[in-house]
């Protein structure tokens, strides 16, 4: 599919979800399709077919499409009341089969006009050690089924270790140039802005935690992959959230291309 085709499919998917259009959802989605709403609730395809409370489909077709050959992430951003709605659709295909949606993931991020709420780093003594965060740095609750999955998990663990050490130079090696992270009520952050935050943390040896993985699944399609995970930050430093991540293999290294993180309603 071309860019316009992915945009059309994304619009049709939102319409089918809202109306509970069984035939269209069967056409557009995989059996293991999941829909994550703005409250962080997960709905399987069988539930989605009944009709979901999802926002109306965009009429202007202004979607950003990244086609990685076997995985495509299609991101829409539009104004919402006091916020911005980010819709991530992840389409995948097996072999020469048709493109079908694996994930439809919504998020309400900060209004683009709002100042970034990123807090100032809190200085610590130079000798203070980084937090251990054994999950996910040493282990995650997922048993990889193939070498590619092991490689992705290892890249994820190296990347998260770099975060706890405020090591921006190592972190960027595992992030694709098009990387963007979307977090509930926060300003969407591209790769180099996030690296800058890590460097600010490094300058004062600030303490940087990463969230533990409560649940994870991986789907690998050649040199592209999708990771779905549920997270909880130690000490509830941040509300628990659900993440959808897209990975691509470039220059022999798995890199994260996007991360959509929606806070789970308590």
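Values as computed for the structure displayed
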| item | result |
| --- | --- |
| D_trans [Stokes-Einstein, Kirkwood Rh over alpha-carbon pairs] for the chain, 37 °C, 0.692 mPa s, µm² s⁻¹ | 172 |
| Relative contact order [Cα under 8 Å, 6+ residues apart], the range 3-109, whole percent | 27 |
| Estimated FRET transfer efficiency when R0 is 45 angstrom, pair residue 128-residue 3 (beta carbons, to 0.05) | 0.40 |
| Cβ-Cβ FRET estimate between residue 169 and residue 214, R0 fixed at 22 Å, reported to 0.05 | 0.15 |
| Where labels lie 7 Å past Cα in the beta-carbon direction, separation of residue 193 and residue 236 in nm | 2.9 |
| Tensor-based shape of the range 1-150 (alpha-carbon gyration tensor, a/c under 1.5 rounded, otherwise prolate or oblate) | oblate |
| Principal semi-axes in Å for the range 227-266 [√(5λ), Cα gyration tensor, largest first] | 26, 10, 6 |
| Spatial separation of Cα centroids for the range 103-181 and the range 203-259, in angstrom | 6 |
| Contour minus Cα-Cα distance for residue 62 and residue 154 (0.36 nm per residue) | 29.6 nm |
| Helix-only [θ]222 nm of the chain, DSSP H runs n ≥ 4, -39500 (n - 2.57) each, per residue, nearest 500 | -7500 deg cm²/dmol |
| Scaled radius of gyration (Cα, divided by 2.2 N^0.38 Å) that the range 134-263 gives | 0.99 |
| Top of 147, 201, 26 by mean-square fluctuation, Gaussian network on the chain, Cα under 10 Å | 147 |
| Folded to 0 to 90 degrees: helix 191-203 orientation relative to the chain principal axis, Cα | 20 |
| Relative packing of peptides 223-229, 71-77 - highest average C-beta neighbours within 10 Å first | 71-77, 223-229 |
| The chain: relative contact order as a whole-number percent, Cα under 8 Å and 6+ apart | 17 |
| FRET efficiency, 1/(1 + (r/R0)^6) with R0 45 Å, evaluated for residue 202 and residue 24 via beta carbons | 0.35 |
| The range 134-263 - percent relative contact order, Cα under 8 Å, separation 6 or more | 26 |
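Every number here is computed from the coordinates shown, using simple stated rules; none is lab data. As the structure is a prediction and not an experimental result, all values here were calculated from the model. So basically every Cβ, Gly included, is an ideal-geometry build from the backbone, and we count neighbours across all protein chains shown.
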